[in-house]
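Chemist: Dropping a structure here in structure tokens format, bear with me for questions.
The values are calculated or read from the model by the stated rules, or taken from the named source; none is laboratory data. The structure displayed is predicted, hence computed values, not measured ones. We place every Cβ from the backbone using ideal geometry, glycine too, and count neighbours over all the protein chains shown. Accessible surface is based on the protein model in full, side chains and every heavy atom, while ligands, DNA and RNA are left aside. Shrake-Rupley method; radii C 1.70, N 1.55, O 1.52, S 1.80 Å.
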Amino acid sequence: MKINNEWKDYQIIATGDGEKLERWKDVVLLRPDPQVIWHAQKPLHTIVRPDARYLRSSTGGGHWEYNRKIPDEWKVSWRDLTFSVKPMGFKHTGLFPEQAANWAMMIDLIKNANRPINVLNLFAYTGGATLAAKAAGADVTHVDSVKQVVTWSRENMERSGLEGVRWIVEDALKFVNREVRRGNRYDGIILDPPAYGRGANGEKWVLEENIGEMLECCAKLLDPDKGFLVLNLYSMGLSALLSRTALRQAFGSTGKEEAGELYFADRNGKELPLGTFCRFTRK
């Protein structure tokens, strides 16, 4: 699924030779991307001179190299939502713009429900999906194990003129198991797990080992009649078909399904895959 053209503050300019050249509002970044397996027609840094480039180290990790002084962080907007972004270690910026396709879908579902909607956002990071659901009128519980990114999410909420999100700093799997025991239910669940991670108290998350238990818990938490779930997978080698099969195992096949890839195209039309998704809505 190509992302809609609602991003005025983000664009992929060019791709090639394992890198992508991006415009984040007034800042141009050049970052590695393992999905870019094609050659560049010419070196990307000669197309538009990047303000900063992330260079990998042969021993792991890497560092940013700057061609000019840029702000420590700056703001980008999507619709009425405002997010802070900044160059971080391990090449990230704190926002995944491709997720706007899922945000738009959730906003439509929530606004058209004609009833109160309670959404659970797991592995919620800096809160893109949280803010989209909240802006659409849902009550939202935001769960992430890293206190600093929950604080970042709260600041994004305030920048967007919103309030009232329920913030939880905890291991996501531990949280959903406790919610199952409490008998709680949600109308919508957003699940955006990393390949590997650590919980607030050192709990270990390995996607291939833990996703089955997580989905089984989510199936018990989701409204049995009209609930929806969005699953994102970023790990290379995990396909949309795999996502759909895993969801069917946990939720059964009596619902509406949509699975595919999220991608942006650069200015030359080269399509860069940015993760798989599977959306499930109970009938």
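Chemist: Relative contact order (percent) for the stretch 1-128, with alpha-carbon contacts under 8 angstrom and 6 or more residues of separation?
Modeler: 18
Chemist: Related question: Calculate one ³J(HN,Hα) per residue across the stretch 108-120 by plugging θ = phi - 60° into the Karplus curve 6.51 cos²θ - 1.76 cosθ + 1.60, and present them in order as whole Hz with x for glycine and proline.
Modeler: Running phi through 6.51 cos²θ - 1.76 cosθ + 1.60 with θ = phi - 60° gives 5, 4, 5, 5, 8, 6, 6, 7, x, 10, 10, 10, 10 Hz.
Chemist: I'd like the accessible area for residue 85, computed on protein heavy atoms only with a 1.4 Å probe and all protein chains in place. Round to 10 Å², please.
Modeler: Approximately 0 Å² of residue 85 is accessible to the 1.4 Å probe.
Chemist: Can you give the calculated 222 nm mean residue ellipticity of the chain, where each DSSP H run of n ≥ 4 adds -39,500 (n - 2.57) and the sum is split over every residue, rounded to the nearest 500 deg cm²/dmol?
Modeler: It lands at -8000 deg cm²/dmol.
Chemist: Quick one: putting +1 on the C-beta of Lys and Arg, -1 on the C-beta of Asp and Glu, what dipole do you get for the stretch 227-276 around its Cα centre, in Debye to the nearest 20?
Modeler: Dipole magnitude for the stretch 227-276 comes out near 60 debye.
Chemist: Can you pull the three principal axis extents for the Cα set of the stretch 81-122, in Å, largest first?
Modeler: Principal axes ranked by extent give 42, 18, 15 Å for the Cα atoms.
Chemist: Cα convex hull of the stretch 83-183: how many Å³ per residue?
Modeler: So the per-residue hull volume is 103 Å³.
Chemist: On to the next question. Roughly how far apart, in whole Å, are the Cα centres of the stretch 17-46 and the stretch 164-197?
Modeler: Here the answer is 35 Å between Cα centres.
Chemist: Among 184, 205, 140, flag the residue with its Cα farthest along the positive direction of the charge dipole of the chain, charges on Cβ as +1 for Lys/Arg and -1 for Asp/Glu.
Modeler: Going by the charge dipole, the pick is 140.
Chemist: Semi-axes of the stretch 191-283's equivalent ellipsoid from the Cα gyration tensor, sqrt of 5 times each eigenvalue, largest first, rounded to whole Å?
Modeler: Listed largest to smallest, the semi-axes of the stretch 191-283 are 24, 20, 10 Å.
Chemist: For the chain, which whole percent of the accessible surface, found with a 1.4 angstrom probe, sits on carbon and sulfur atoms?
Modeler: Here carbon and sulfur together make up 47 percent of the probe-accessible area.
Chemist: While we're on this one: Regarding the stretch 221-269, what's the average projected area of the Cα-atom convex hull, expressed in nm²?
Modeler: Averaging across all directions leaves 4.8 nm² for the Cα convex hull.
Chemist: Okay, moving on. With Rg and the Kirkwood Rh both taken from Cα atoms, where does Rg over Rh land for the chain?
Modeler: Radius of gyration relative to Kirkwood radius: 0.96.
Chemist: When only C-alpha pairs under 8 Å and at least 6 residues apart count, what is the relative contact order of the stretch 240-283, in percent?
Modeler: 44
Chemist: Using a 1.4 Å probe and ignoring any ligands, DNA or RNA, find the accessible area of residue 253 and quote it in Å² to the nearest 10.
Modeler: The value for residue 253 is about 80 Å².
Chemist: Also, I was wondering about something else. State which stretch of the chain is the longest one without any exposed GluC sites (Glu not before Pro), exposure meaning a DSSP loop state and at most 15 other Cβ atoms within 10 Å.
Modeler: 74-162
Chemist: Give a quick list of trypsin sites (Lys or Arg not before Pro) in the stretch 1-86 that DSSP marks as loop, anything other than H, G, I, E or B, with at most 12 other Cβ atoms within 10 Å.
Modeler: Within the stretch 1-86, the qualifying trypsin sites (Lys or Arg not before Pro) (loop, at most 12 other Cβ atoms within 10 Å) are 8, 68, 69.
Chemist: Placing one identical point scatterer on every Cα of the stretch 31-141 and ignoring solvent, what is log10 I(q)/I(0) from the Debye formula at q = 0.10, 0.20 Å⁻¹?
Modeler: Here log10 of I(q) over I(0) equals -0.44, -1.11.
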